[in-house]
Structures are given as structure tokens and as C-alpha cells.
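Some notes on the structure that comes next.
The values are calculated or read from the model by the stated rules, or taken from the named source; none is laboratory data. Quantities reported herein were computed from a predicted structural model and do not represent experimental measurements. Cβ atoms come from the backbone with ideal geometry, glycine included; neighbour counts cover every protein chain shown. Side chains included, ligands, DNA and RNA excluded: accessible areas come from the protein's heavy atoms. Shrake-Rupley method; radii C 1.70, N 1.55, O 1.52, S 1.80 Å.
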Amino acid sequence: MLTQQSDSTVLVIFGGGGDLAWRKLVPALFNLHLDNLLPQRFAIVGIARKQRNDTEFRQHLREGVDLFSRRKPATEEIWNRFADHVSYLSDDITDSASGPALSRKFEEFEQAWSVRANRLFYLAIPPDMLEPAAAHLQRIGVCRDCTRDRLVIEKPFGRNLASARELDRILTGMFAESQIYRIDHYLGKETVQNILAFRFANSLYEPLWDRRYIDHVQITVAETVGVEERGGYYDQAGALRDMVQNHLLQILCLIAMEPPVSFDADEVRNKKVDVLHAIRPIRPEELHHVAVRGQYGHGIVEGTARPGYRNEPGVAPDSPTETYAAFKFFIDNWRWQGVPFYLRTGKRLPTKVSEVSILFRPAPHQPFPSAAVENWQTNRLIIRIQPEEGIITRIQAKQPGTRFLLGPVDMQFRYRDAFMAVPPEAYETLLLDVIKGDATLFMRADQVECAWKIVDPVLEAWESIPPGDFPDYPAGSWGPEAADHLIASEGHHWLQPVIKTGENA
Ligand code: BG6
């Protein structure tokens, strides 16, 4: 049972006027407020360059809450109570004269509360601003208490292994590692956390969870959206940095990790990092057997015509950036030797769905007549991360009738039916963890570095050889043909994700 936090807390959002604060962070804080989970003495300070007063800032945030909160719109009375905790500071962190205003803010709150508050700094700013922001905080000396002051950093953490190491060197020169919260919002999703519960709170599947019974694993994170207003950022990042290096590899870790001894933050993170260490390094000469990139051209997504990526605002007209990436990974350890893990993610795919499919090996012997097994499929366990959250076990059953015919059927658990509740948004869980000082669901420096080590050879190769065939998949399709060949070479095919419950692939 979650209870209201007792520590007095000031949360400062750098990039307070930006999209992340508007769409995700403040709606999440608003929901925590509705659930009475924020500390009684709590303040949110948005910082950005733009000049505006508290009233204008609050009005802007309210629009975001009314559009994006899972409990929208906000009622006047509750919003006003929440808005009392919110203020705005116009400040330019690159200006060496800036800073005193923020220090004064802390003094004001802490004098009023008669206590040194926990100070949390959320860096919701472009990657190239992280270092100046951290240096600014160090210079003005507001983030010095290793136990009470925390820094939250959005992904991607660096652009590659070398820059991530450099960023770490700089940050850990200024702050203790325990103060640095590297956020990957997928780890806050209820269904992603449920992978841990499913695997380690049940004994049913664990004996089957290895190379003897599992044929292969598919992880799909498909989006219908393009790059929206983020063309400038995305064109420098691409799917590999934006999704694979973090979200998809983190999901893979949760599927493949060994049971932790406890839920201690370091223990869980140690087990995850072991998986990353065991992923077979990609050799440049075999790149095209294990990795595929793609970029969408114009097409129709969910009935609406969409422009190609190169026509999106903020994107270069001859951009070589990938909007789709697929991988075949092998994990070289005792449990997973020889089991392919296929990962794919892309923008402007036919539907928004994130799921993990575990494909079990076929039954060793088929005693049924050949006509009986025409629709036969191997057992499949589907962990549905979104939009419909739950777990499906697909088994074979006799179809009703006088003939003996087999067909696939689903046994399923759906969050919304089982618990009659809408799960919190990932950012609610993660912000509350930062407030509490629980880093279990955040990435440690070595995890981030390991993940870069895995994708670095691919980044280098893709950057050095421009794609000759972009755009190579129409918006609204399941990605480039090369992704089918990637997996067909092992005798597999991409499974149609379960879009509506009960729909069979
Ligand atoms: C973000 C990426 O981390 O995750 C976005 O930067 C992507 O490009 C988003 O759209 C997807 O998150 P979700 O929670 O909608 O699956």
C-alpha cells in the first residue's frame, strides 16, 4: 500500500516549459497528487528561458493535464490545490550570472517549512544541455547533499559508448552515483515490472524458462506515430539510440535475467547487467545477418495518409536516420545458448503495440493425424505491455466437433479485468521512486555503458555506410522486407502481435 511521503521536497524541472514536462511529468505529478502520494510539503519549480509568470505557467500546465492525464480533465478545485505547489522561474543555465534566483527559491521554501528539503532536479532538456545543466547545479551549490539531493536524467544517455563514458565521468565528478537517476520510462510501466512478478513470484514457468523449452523470443515495440514535433531531436538520434539501446534492451534483460536474491536496487541491476554482458558482440562483417534498419516513406496509417519521414518537420530531406530497427541477439550463457532474441521497433507501423512473445519448442512427437494439425502452432506466451496490458498463454485445444482437429486457444489475464483498476502511468511510478530515493527501476552507469557497447558497432557501421534504399517501408506497413529475411534465416517469421484480445496470429 502506497502512503504519502513524509520528506519535504522541491522538484525542479529544467525544461519546465518543454514537451516532456507538459505531456508526461506534470500529468504524472498531478495524478500522484490526486492519489495523495506527494509529500505534504511539496513544491514544483519549472525552469526555462522564456519569460512568463506563475499564472501563465500554471495555465499552460493545466492544458497539458486536461489533454494527457489519465484522469482528465482536472476539476477546478483539485487543480487549484495542485497549482498552489507550482511556480516558474525564467533562467538561462548557460549564463554564468544565473542561479541566485533558484538558490533563493530553496531558501524561501526551506525557511517556510523550517527544514532542509529533499531537492530533486529533473533534467528534461536536450542531450547536449545535460552537461551545462549539471555544471550549473554544481556551480550554484544547490545539489550537494548526497542523501537528499537527486538528479534525474532522461535517455539517451550519451550518443554512443565514448560520449556516455565522458558524460558519466563529468557527472560522477560532480555528484555521487547514488544521486544520479538515469530514467528509462519503460521500466516504470506496470506490465514491464510485472515481468519480474510473473517470472519470480510463480514457480510454474521457471523450469521451462531456458534453451531446453524456449525456441526463440520476439520483442516488438511498434508505434503508429511519426516524429511529431521532435524531428530535430529524432533526426540526430534514430530508432537505435531512441528505443533499442534503452527500452528494448531493458525488456530483454527482464526476460533473460537470473532470479535476483532480493529486490535490492543493486541486486536487480546486477542481474540485468549480467545479461547485457552475455549478449554476443556484433562483428561488423556479420552486421547484415543480425541488424536491419529502415525508414518510412509516405503511406496510410490507421486510415490516414501520412508523409514520409524525410518530409517531417525538422528532418533533413535526405536524412539517413533509421525510423525502424530490428535485431537478432544471442545470449552466450548456460540458460540461453542458441536461443535467438529478435527485437524490432519502428515508427509509423500499422498499430501501437508493445509485446514480448516467448515461443516454446514444439511437442516432441505428434500423435495426431495430419488433418488434425493443420492449424497447429507451438505454445506461445505473450506478455502484453501495451495498450492492453496482460498475459496470454496460447495452447492447442481440440476444436469442438466430431472430427479431431486442433486449434490454438488463449488463456489470458487482463490487468483491467483482474484488478479492476487502471494502472498508473510509468512516470507516476518513477517520479514517486525518485521522491522516495529508490533507484531499483533506474539504470546504473555500467548498465548504460554495456548497452552502448552492444549497439556501438552497429551505430558506427550505419553511420559510415549511408543507406542506399531509404525510404524502404511505407508508413502503415510492418517495416522493411529485410527484417523478414533477418529472422527467416533461422526458420522463423515475425508474429502478428495480438491487437485485439482473442485474435489469433
Ligand atoms: C520515448 C521515445 O522514449 O518512448 C519516443 O523517445 C517514443 O520516440 C516513446 O515514442 C514511446 O513510449 P511509449 O510509452 O509511448 O511506448
| Nearest-10 value in Å² for the accessible area of Asp84, using the 1.4 Å probe | 120 Å²
| field | Carbon/sulfur fraction of accessible area - region 229-270, other protein chains in place, 1.4 Å, % | value | 52 percent
| field | Candidate lysines - alpha carbon under 30 Å from Lys328, same-chain residues fewer than 8 apart omitted | value | Lys155, Lys189, Lys271, Lys272, Lys347, Lys352, Lys453, Lys500
| field | Cα long-axis angle, helix 161-174 against the chain (0 to 90 degrees, to the nearest 10) | value | 30 degrees
| request: For region 174-232, just list the percent of Cα-Cα distances falling in each 5 Å bin from zero outward, please. | output: 4, 11, 11, 17, 17, 13, 13, 9, 5, 1
| message | As a test question: what accessible area, to the nearest 10 Å², does Thr304 have when a 1.4 Å probe is rolled over all protein chains in place? | response | 60 Å²
| note | Treating only Lys and Arg (+1) and Asp and Glu (-1) as charged, each at its beta carbon, one finds that the chain has a dipole about its Cα centre, in Debye to the nearest 20, of 820 debye
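In percent, how large is the relative contact order of region 69-216, given Cα pairs closer than 8 Å and 6 or more residues apart?
Working: 103 pairs, mean separation 25.8, N = 148.
So the answer I get is 17 percent.
With both bridge residues required to lie in the chain, what share of the DSSP beta bridges run antiparallel, to the nearest 5%?
In the chain, DSSP labels about 55 percent of beta bridges as antiparallel.
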| message | Residues of region 20-46 with backbone nitrogen within less than 16 Å of a virtual label 7 Å along the Cα-to-Cβ line of Val225, please, listed as ranges. | response | 20-28
| field | For region 273-423, alpha-carbon Rg relative to the globular expectation (2.2 N^0.38 Å, N residues) | value | 1.39
| Where N is the number of residues in the chain, Cα Rg divided by 2.2 N^0.38 Å | 1.02
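So if R0 is 60 Å, what FRET efficiency would Glu76 and Thr378 give, r being the distance between their Cβ atoms, rounded to the nearest 0.05? Don't skip to the answer; put the middle values down first.
Numbers: r = 55 Å, r/R0 = 0.92.
So the FRET efficiency works out to roughly 0.60.
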| field | Nearest 10 degrees, 0 to 90: helix 426-436 Cα axis against the chain principal axis | value | 50 degrees
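How large is the Kirkwood hydrodynamic radius of region 30-118, in angstrom, based on all distinct alpha carbon pairs?
Values: mean 1/r = 0.0693 Å⁻¹.
Radius from the Kirkwood sum: 14.4 Å.
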| To one decimal place, what orientation-averaged projected area in nm² is obtained for the convex hull of the Cα set of region 401-441? | 5.4 nm²
| query | Rounded to a whole number of µm²/s, how large is the Stokes-Einstein D of region 119-245 at 10 °C and 1.306 mPa s, given Rh as the Kirkwood radius over C-alpha pairs? | reply | 90 µm²/s
| message | So if I take the centroid of the Cα atoms in region 115-163 and the same for region 235-278, what is the distance between those two points in Å? | response | 22 Å
| field | Zero-based 5 Å bins, Cα pair distances in region 46-169, whole percents | value | 2, 9, 16, 19, 19, 17, 12, 6, 2, 0
| note | Computed over the chain, the relative contact order (Cα-Cα under 8 Å, seq sep at least six) in percent reads 17 percent
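Contour minus end-to-end for Thr94 and Ala461, with contour as 0.36 nm per residue of separation and end-to-end as the Cα-Cα distance? Working shown, then result.
On the way: separation 367, 0.36 × 367 = 132.12 nm, distance 3.44 nm.
Difference between extended and current length: 128.7 nm.
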| task | Enter the Cα centre distance for the pair region 388-405 and region 288-356, rounded to the nearest angstrom. | result | 31 Å
| field | With eigenvalues of the C-alpha gyration tensor scaled by 5 and rooted, region 385-461, Å | value | 40, 24, 9
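Any chance you could run the full-extension gain for Glu286 through Glu490? It's 0.36 nm times the residue separation minus the Cα-Cα distance, nm to one decimal.
Details: separation 204, 0.36 × 204 = 73.44 nm, distance 1.45 nm.
Length gained, Glu286 through Glu490: 72.0 nm.
What is the gain in length, in nm to one decimal, between Glu177 and Asp66 on full extension, counting 0.36 nm per residue of separation less the C-alpha to C-alpha distance? Spell out each step's value before the answer.
Details: separation 111, 0.36 × 111 = 39.96 nm, distance 3.63 nm.
Taking 0.36 nm per residue and subtracting the Cα distance, the gain is 36.3 nm.
If the viscosity is 1.567 mPa s and the temperature 4 °C, what translational diffusion coefficient in µm²/s does Stokes-Einstein give for region 400-505 when Rh comes from Kirkwood over Cα pairs? Please report the intermediate quantities before stating the final value.
Working: Rh = 19.9 Å.
Result for D is 65 µm²/s.
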| query | Lys436: which aspartates and glutamates have alpha carbons under 13 Å from its alpha carbon, excluding same-chain residues fewer than 8 sequence positions away? | reply | Asp7, Asp149, Glu428
